[in-house]
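**Q** The structure's right below; bear with me while I get my questions together.
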Amino acid sequence: MTREQRLSFIGISLALFLAALDQTIVTTALPRITQELGGLDYYAWVVTSYLLASVLGLPLFGRLIELFAAKWVLLAAVSIFLAGSVLSGLAPGIEALIAFRFLQGLGGGGILALTVTLIALLFPSRERGKRQGMMGAVFGISSVAGPWLGGLLTDLLSWRWIFYINVPVGVVAVIFIVGFMPQLRPEQRGRFDLPGMSLLALWVMPLVVALSLGGTNYPWLSVQVLGLAAFAVAALLLFVWWQRRSAEPLVQLNLFQTKVFRWAVAGSFFFGGAFLGSVVFLPLYLVHVKGFSATNSGLSITPLVMGVVVGSITGGQIASRTGRYKLPLITSLCIGIVGFAAFALNLRVDTPLWQVIPLMIVIGVCLGPSLPLYTLAVQNAVPRNRLGTATSTLQFMRQVGSTASIALMGAVLAATVTATTATQVPAAMRAQVTALSPDEVGNVGNLASEVQARFAALEQQVAAALNGDEAARKALLEDPTVRPEFAARLQPNSVRDQVRLQLVSTLGQIEAALAGNAAARAVALQNPLIPAEVKALLQDPPTADAARNELLNAIRERMQSHEQTLIREATTLAVAQSQAELRSQAAAVIAALTNALNSGITDAIRRVYSFATALMLFSFLAALLLPDVELGGAPQSRREKEPLPADAP
C-alpha cells in the first residue's frame, strides 16, 4: 500500500466513522432534546428524517461518483454532513432540528455510499477484502460507541455537543482527503438522471415513513400507513418504467442480469434485517431482564459488535489471501444460522450471562464477513465505470431490507410482550394490571413509576373516604384495582361505628370488672382505650353498689366525652394501615409485572431471533447461488470494456 493510499484510507475511515456514529449517537439524547425543545409528538422524526435522507443519499452520491471526480464528490458529502451537524446543534426548535437532521442524513448517506466505492477505486481486487474488512470494523465500533458517547456528551455538556463533536473529526478527515487523496476522475462523463432521482424519492420517502411509523404512531392497517404504502408501490412502478427507457438511468437495471450482482443484492437485503435486528433488540433483554445499566445500554452488545469487528476483518483477510469470497461467506452464514437458532431456542429469563455472551460473540463473528464480502463480490463483478451505482444499490437494498425487517420485528416484539405479559400476571392481580392500561404495562422503562403513581392516587382517595368524603368512597368502590375485602372497610361511618362498638365493649368490661369479675378485670387492664387512672381504680373497686354505680357513670361520661378524639385517632390509624397495605399491594403488583414482563421480553426476543434465523437462511441460499468468481481473475482492462460481467446470461 502506497503512502497516498494509506493516508487516503485514513481520511475515508474517519468520514465513515462520523456517518456511522450519527446513526446511533442521537438515541440516548432524544429525551433531553424533546424536554428542551418540546414537540414530543415529533420525537420519532428526529431519527426518521436522518434515516430517510441517508437512504436517498446512497443512490444519489453513488451515481455522482461516476460523473465527477471522486475526491470532490466525497468532500461535498462530508461538507453537507458537517453543515447539517452544525445547524442541528444550533437548532432553535424541534421542527428546525428535523430539517437539519435531514440535511445531515443526506451527507451521511453519501459518505456511506462513497467510502465503500472508493475502496474499489483505490485498491486492486485482491487488496479490497482487507480494506473492506477494516471498514466493517470501523462501522461496528462506531455503532456501539454511538449511544454511549451520546449519553456521555448529553450528561457532561449538552445534547447539542452530539452534533458539534462531528466538526473537529470532520475537519481532520477533510485535511486527509484534500491533502492526499487522488482526484479519481471518471473515464467518461455522462448525464445525471434527475427525473429518475425524483421518482426514486417519490417511492422511497413514503415507504421509509410507512415502515418507520407503522405499528408505533399508526396501526399497520390504518389509512395513513396503507395510503403511504400504495403511493410507494405506484411510484416504484413508475420509477422502474423510467429506468428502462432512460438512456443514462440512475440505477442500471440490466445489472440485475448479472448473477453475482443479482444474488449479492438479494442476500444483502435479507442479511441487513438479520444484522440490524440482532443489534437493535438484544439490549432490551440485556437491560430489563439481565440487569445491565440502562445508561450504558449501547455497551451491552459490545461482545456482539466486537465479534462483528473480528469477523469482518478476518473475512476480508481470507478473501484477499485466497482470492475467493464465496467459501468464507457461506461458511459464516451457515454457522450464523446455527447461532441465531441456538439463541432463539435456548434463551430464557434465567439463562446465565456466561451462556448468553459466548452466543453473542459467535453471532457477531458470523455476521462480520458478510459486511465486506457481499460488497467485494459486487465490486469484482461490475465494470469500473459502474462501481458507484452497483455499490450504492447494494447498500440501498441492504438499508431497505433493514428498515422493513426492523418494522416487522418491532411489531412481533410489541405483540408478544403484550400477550405474554397478560398471561403471565397472576389471576388475582389481573384486574389491577388491566386498569393500568396495556400501553403502560408494556412500557418497561416507566413500569414502577406508573404503578406507584396509580397506587399513590388510591392512597389519597382512601384517606378522603375514611374521613367522610362520599365521592371518594364511591370512586374507590367502582375501581377494579381495589380488592373486595379492602372495599368492605370503606362503608359509610365504618370507623365511627367501630369506635362506638369498642366503647360499648370497653364500658361492659369496666362494669364487669367493678362487679368483681377477675377475667373482665384482666382484659380491661390490657385495653388501650381505658385511661391509666381508671385502670388503677379497677385494682381496688368500691364494694358498695351506690359507689360502684357512681364511679361507672363518671367513667362512662369521661369515655363518651373523648369519643370524637378516639374517632379521629382511629381514622388516622385506619388511614395509615390502609395506605401501608396499598403500598404492599403496589410492591406485589410491580414484582408480578416485572416477572411477567421479563417473560414477555424474553419470549419476544426469542421470536425476533427466530425471524432473524429465517432471514439468515434466505441470505445463505442467495449466497449459495453466487458464482465463485476469483478476485481479479480477469484483466482489469478487459472487464472495463464490457458493458456487463462475463457471468451475465
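**Q** Could you please state, rounded to a whole Å, how far the C-alpha centre of segment 221-252 is from the C-alpha centre of segment 133-148?
**A** Here the two parts' Cα centres lie 33 Å apart.
**Q** Sort 252-265, 342-355 for me by packing, meaning the mean count of neighbouring Cβ atoms within 10 Å per residue, highest on top.
**A** For the peptides 252-265, 342-355, the packing ranking is 252-265, 342-355.
**Q** Compute the FRET efficiency between Leu345 and Glu95 as 1/(1 + (r/R0)^6), taking r as their Cβ-Cβ distance and R0 = 60 Å, and round to the nearest 0.05.
**A** 0.80
**Q** On the accessible surface of segment 293-383, probed at 1.4 Å, how many percent belong to carbon and sulfur atoms?
**A** So the carbon and sulfur contribution to the accessible surface is 73 percent.
**Q** As an exercise, use a Förster radius of 30 Å and the Cβ-Cβ distance of Asn549 and Thr572 to find the FRET efficiency, rounded to the nearest 0.05.
**A** In this case the efficiency is close to 0.30.
**Q** How many angstrom separate the Cα center of segment 310-384 from the Cα center of segment 590-608?
**A** First find each Cα centre; the distance between them is then 29 Å.
**Q** Can you work out the PRE-style zone for Leu625? Point 7 Å along Cα to Cβ, and I want the residues of segment 353-390 with backbone N under 20 Å.
**A** Once the point is set 7 Å along Cα→Cβ of Leu625, 370-371, 373-382, 390 turn out to lie under 20 Å by backbone N, inside segment 353-390.
**Q** On to the next question. Under the 0.36 nm per residue contour assumption, what length would be gained going from the current alpha-carbon distance of Ala522 and Gln5 to full extension?
**A** Going from the current span to full extension adds 176.0 nm.
**Q** Report, by chain and number, residues whose modeled amide H sits under 5 Å from the one on Gly368, excluding near sequence neighbours (fewer than 5 apart, same chain).
**A** When sequence neighbours closer than 5 places are left aside, the close amide H contacts are Gly311, Ser312.
**Q** So, by mean Cβ neighbours within 10 angstrom, what's the order for 109-115, 229-235, 133-139 with the highest one leading?
**A** Averaged packing, sorted descending, gives the order 109-115, 133-139, 229-235.
The values are calculated or read from the model by the stated rules, or taken from the named source; none is laboratory data. The structure displayed is predicted, hence computed values, not measured ones. In this analysis, Cβ positions are derived from the backbone assuming ideal geometry, glycine residues included, and neighbour counts consider all displayed protein chains. In case anyone asks, the SASA skips ligands and DNA or RNA and just uses the protein heavy atoms, side chains included. Shrake-Rupley method; radii C 1.70, N 1.55, O 1.52, S 1.80 Å.
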